[in-house]
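Working notes for the structure below.
The values are calculated or read from the model by the stated rules, or taken from the named source; none is laboratory data. Nothing here was measured: the structure is a model prediction, and the numbers come from that model. Areas reflect the complete protein model, heavy atoms only, side chains present, ligands, DNA and RNA absent. Shrake-Rupley method; radii C 1.70, N 1.55, O 1.52, S 1.80 Å.
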Amino acid sequence: MRINRYLSLAGTILIVGAMFAPTEALSISLPSGCVAPPPTGSPPGTLGSTAACVCSDAVNSVSPPCTCKSPTYTVQLVSKATTFDSTAGLLTAYQYNVTAAGTKVNSISDTQMVIPRPLSPGAPANSTGSDIITTAGGVTVQNYCEGDRNSGINKGNCDGFIAHIPPTAPAGTPSGTKVLNIVGGNRVADGLVTINLVTGNGSSELCQAVNDANQPSQTGIVGPGDIGDPSQPKFVSQTSLVANNKCNADLVFDKHGNLIDILSVSPANGYVPDPNDPTQTPCTIKTVTDPIMVNGVPLKNNTGPHGITFGTGTSTCYGPSIPSPAKCVCTRTPCP
């Protein structure tokens with residue numbers, strides 16, 4: 001993930017929030033399942049450690065999702081869908097839910113997403129259509145360097161621009177929830193954006209992402225914040241034979257061609273665990289938070305589409321650093 005270059009540029013507004021994790025001042029619950037298992041051999045009843053909790057920006061990840069939080073509101077990416085338009089090319093629609101206690105969400109008058117370069121508020125010369133599709137969902141954009149007149153958000157920031165996303169409540173939306181929709185053009189890839197929630201009096205709260213470290217970190221939430229290369233062929237999804245050809249793994253890629261997630265696995269070539277060998281398992285996906293050791297040293301860069309297969313072919317691992325956390329497809333314990 002890339003460091004945001006524009007968080008410090010909203011000095012004229014009230015900016016409050018926690019970045020990528022709850023702070024002591026904000027008592028925010030960790031997502032369910034966000035607890036690491038206790039160390040092997042621990043006495044019965046030993047609790048797991050939340051320090052090793054991880055989250056993922058991939059919508060279909062098996063890890064708890066990353067969210068962004070302010071003292072009042074929570075924003076979470078709930079879906080990301082790609083469609084092909086015969087004129088505009090490949091489009092990516094991002095949908096977020098904004099939640100708050102009681103009727104607080106009803107006080108939001110505007111939602112302002114700050115989108116960084118290299119994306120543009122206009123139509124790039126090397127692309128059909130705009131980076132942000134303003135005809136979708138009532139979204140409007142301002143230019144680089146332009147701050148919002150009421151809140152002052154983005155004032156003087158020439159490395160980013162504002163996309164105004166009107167909060168809506170379609171039929172069936174739960175009470176205390178608003179929906180945000182924004183669509184990126186054919187060269188738009190996932191990046192980091194900030195979301196500012198503006199109330200009627202022009203004050204705002206900066207919603208910032210939360211992760212596993214429980215410490216503030218200068219990063220944003222996943223959104224239309226970077227570019228891919230529309231001229232280069234790339235996989236969106238792919239099924240690969242892994243773990244010594246024992247398993248089919250459904251792999252997912254981003255617009256940069258990076259493998260970002262493993263959606264599912266299934267047995268291949270008639271693989272069935274040996275019932276007489278208790279260490280053999282069905283094809284299983286494991287999220288790996290501890291370092292993956294190779295020849296006694298931690299694996300640092302394993303981002304290729306083929307992963308790395310261990311031992312006698314019992315497991316194939318992808319990451320770090322993409323995906324993060326690393327994921328392994330295993331047919332034996334321990335994994336990897």
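Summary of computed values
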| read-out | value |
| --- | --- |
| Reach of Lys255 by Cα under 25 Å, taken over lysines that are not fewer than 8 positions away in the same chain | Lys80, Lys234, Lys286, Lys300, Lys327 |
| Area accessible to solvent at Lys80, 1.4 Å probe radius, in Å² | 70 Å² |
| Partner aspartates and glutamates for Lys178 [C-alpha distance under 17 Å; skip if fewer than 8 residues away on the same chain] | Asp110, Glu205 |
